């Protein structure tokens, strides 16, 4: 086997089942890849070689013993550091939790462990999942595998970069306003936000409880669906968990990959495109629509007028919930405790000094904004209005579902921006999530798949959003698009990403290496071919 | 006039228990003002007859069976505590000095 890390998770599972490779071999290959490229990418806050290899050995033993195993048993996974891991440091990208060792596993972590997926490590993220670039991590940013001088998106930039850089075949993420889908789009990978309540949030450190959703991250649609099935399902430990079976996402992904989408009706959201969207992003989006039309998908334009208020409503609801949720970081029971240098060290003074030292600028900004939106005199005007907008957005979705099965748009208006470019301009950073936020406000599922490379040689994403509980149809459509695009390109998009080992060894920057579709050996490559 | 003044940020920071430094107050006042200006449009979006939505998918409260479940041991609960004494969290003094 030349390079195990280049296989898909489904291929790895097949080799494991056939006895051609062991989980220990797979896990070692990924740990070696992490050693080679992670100094340049910084997708991981912490790797867990001993833990992962022990879990891999146990998976191999269980297979030898003839145990009934999950399909992905033995395939390694990376876990976003916002999910609690028993006995293993969980920082949420924050100084305030630098030394927090959870006493329990998040339900999704327990599920991947029970399914015997070795956990390679904890991935980097914007502090408490607040950001769209992973630059708000207290432990330094993650770099985009396509261009190391650019951001990998956020907040789950670590998970997206880990799969994009072949450091892990699978990863867990969380999506409050786009933190799974936006990083997927800008790193040329796949990420899904399940229906709200479809995957347990127990052990997910909360940012905005009515919006947060855990979901799968991978390099292709089928792998994403297989991981979705591992983590999905009812959990009595999460009051908002849906007591319903996991939708047949893998089966429907396979149907889509086989080209079976004829008769599906999709709506192009009029409000999510055009002005403010990069030309190359729109071009790849239009080409993807053409491919779907060729497969027999019915396409029409749909207007969702209230979507223009989604971003403002989100930036009131999310900070309001976050300011309440983050009140738990009070320096009393766990986490950092800082005693003020001057004055009496009362509880209040210790809390103030601890939160000043332990939180980064974006977290402080959102807590203050949320405190403002909830304070007397502003509550009805801001928080109350935002909750009404949420109703209007749900109504826009409901009326769309009368005519179409799913809505589509570019995932993100632009390709990955340069590190540092938007750090001092929070509002322009927030605009990254303009197309992903409506799904969170309505609780509907969403998925992002690569649609190609823009004129700057960087990946673009295609988003599918569907009605609540219709996750499986999203995978079907996304699978069909992926199959058509891979066929057109002559291979997966990530085949044309730069060679990170050469970059890491040569000290060359990713910008020099170029990423304009080289190496694909096909006339009609990911940038759309000759025009 | 800015919607959020430096003085307002200082008051909010006190409510949020974050001892912001003077330079942070200056920077944040400007940034928050820009943000609030941009999100203010929500106030004009919905009329009075639109109901509020607090939760994306409607659910009703249910009760779990009233049986004892395993929970954290004292040692587990205290394992990440900044300070402890006699199997309890040790916290700073609650009340300030009399003025």
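The values are calculated or read from the model by the stated rules, or taken from the named source; none is laboratory data. Model, not experiment: these values are computed from the prediction. Here Cβ is always computed from backbone atoms with ideal geometry, including for glycine, and neighbour counts include all displayed protein chains.
Details
- Qualifying residue in the stretch A:118-126 (condition: part of a helix (DSSP H, G or I) and surrounded by 24 or more Cβ atoms within 10 Å (Cβ to Cβ)): no
- Of the criteria (1) in contact with a strand residue (DSSP E or B) (Cβ under 8 Å, 6 or more places away or on another chain); (2) in a helix (DSSP H, G or I), which one residue A:286 fails: (1)
- Some residue of the stretch A:239-246 being farther than 30 Å from residue A:364 by Cβ and more than 14 Å from every other protein chain (Cβ to nearest Cβ): yes
- Residue within the stretch A:449-471 that is at the interface with chain B (Cβ under 9 Å from one of its Cβ atoms), within 28 Å of residue A:319 (Cβ to Cβ) and part of a helix (DSSP H, G or I) present: no
- Of the residues making up the stretch B:53-74, those that are more than 9 Å from chain A (Cβ to nearest Cβ) and under 28 Å from the mean Cα position of the chain (by Cα) are B:58, B:60, B:63, B:71, B:74.
- Annotation note: of B:9, B:91, B:50, the sole residue that is at the interface with chain A (Cβ under 8 Å from one of its Cβ atoms), more than 29 Å from residue A:213 (Cα to Cα), touching a helix residue (DSSP H, G or I) at 6+ places or on another chain (Cβ under 8 Å) and in a loop (DSSP other than H, G, I, E, B) is B:91.
- Of all residues making up the stretch A:100-117, the number that are out of contact with any strand residue (DSSP E or B) (no Cβ under 8 Å at 6 or more places or on another chain) and part of a loop (DSSP other than H, G, I, E, B): 5
- When A:106, A:115, A:56, A:70 are checked against the criterion of being within 23 Å of residue A:166 (Cβ to Cβ), away from every other protein chain (no Cβ under 14 Å) and under 22 Å from the mean Cα position of the chain (by Cα), a single residue qualifies: A:115.
- For the stretch A:340-393, the candidate set comprises residues that are in contact (Cβ under 8 Å) with a residue 60 or more places away in the chain and not in a helix (DSSP H, G or I); within that set, the residue that is farthest from the other protein chains (Cβ to nearest Cβ) is A:360.
- Of the residues making up the stretch A:482-491, not a single one is in contact (Cβ under 8 Å) with a residue 60 or more places away in the chain and either in a loop (DSSP other than H, G, I, E, B) or within 15 Å of residue A:269 (Cβ to Cβ) (or both).
- Meets criteria (modelled with pLDDT of 95 or more, in a helix (DSSP H, G or I), buried (at least 23 other Cβ atoms within 10 Å of the Cβ) and under 25 Å from the mean Cα position of the chain (by Cα)) for residue A:313: yes
- Residue in the stretch B:22-46 that is modelled with the lowest pLDDT, counting only those that are more than 19 Å from residue A:367 (Cα to Cα) and within 8 Å of chain A (Cβ to nearest Cβ): B:46
- Residue A:439 vs. criteria in a helix (DSSP H, G or I), over 21 Å from residue A:290 (Cβ atoms) and within 16 Å of the chain's Cα centre (by Cα): yes
- Residue in the stretch A:257-280 that is over 17 Å from the mean Cα position of the chain (by Cα), touching a residue at least 60 places away in the same chain (Cβ under 8 Å), in a helix (DSSP H, G or I) and closer than 20 Å to residue A:492 by Cβ present: yes
- Checked against (1) within 14 Å of chain B (Cβ to nearest Cβ); (2) surrounded by fewer than 18 Cβ atoms within 10 Å (Cβ to Cβ); (3) touching a helix residue (DSSP H, G or I) at 6+ places or on another chain (Cβ under 6 Å), residue A:305 passes all but condition (3).
Quick grid of which residues meet (1) at positive phi; (2) touching a helix residue (DSSP H, G or I) at 6+ places or on another chain (Cβ under 7 Å); (3) modelled with pLDDT of 95 or more:
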{"position": "A:473", "(1), (2), (3)": "no, yes, yes"}
{"position": "A:477", "(1), (2), (3)": "no, yes, yes"}
{"position": "A:484", "(1), (2), (3)": "no, yes, yes"}
{"position": "A:510", "(1), (2), (3)": "no, yes, no"}
{"position": "A:519", "(1), (2), (3)": "yes, yes, no"}
{"position": "A:523", "(1), (2), (3)": "no, no, no"}
{"position": "A:531", "(1), (2), (3)": "no, no, no"}
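- Filtering the stretch A:274-296 to residues that are over 15 Å from residue A:465 (Cα atoms) and crowded, with 17+ Cβ neighbours inside 10 Å leaves A:277, A:278, A:280, A:281, A:283, A:284, A:287, A:288, A:291, A:292, A:295.
- Residues located in the stretch A:328-339, provided they are at the interface with chain B (Cβ under 8 Å from one of its Cβ atoms) and under 29 Å from the mean Cα position of the chain (by Cα): A:330, A:334, A:335, A:336
- Of all residues making up the stretch B:75-88, the number that are under 24 Å from the mean Cα position of the chain (by Cα) and more than 8 Å from chain A (Cβ to nearest Cβ): 1
- So residue A:478, is it within 16 Å of the chain's Cα centre (by Cα), under 16 Å from residue A:287 (Cβ atoms) and not in a loop (DSSP other than H, G, I, E, B): yes
- Scanning the stretch A:177-197 for residues that are within 14 Å of chain B (Cβ to nearest Cβ) and within 15 Å of residue A:79 (Cα to Cα) turns up nothing.
- Residue match in the stretch A:418-431 (condition: out of contact with any helix residue (DSSP H, G or I) (no Cβ under 7 Å at 6 or more places or on another chain), over 30 Å from residue B:4 (Cβ atoms) and assigned to a helix (DSSP H, G or I)): no
- Per the listing A:66, A:74, A:87, the residue uniquely surrounded by fewer than 19 Cβ atoms within 10 Å (Cβ to Cβ) and over 27 Å from residue A:359 (Cβ atoms) is A:66.
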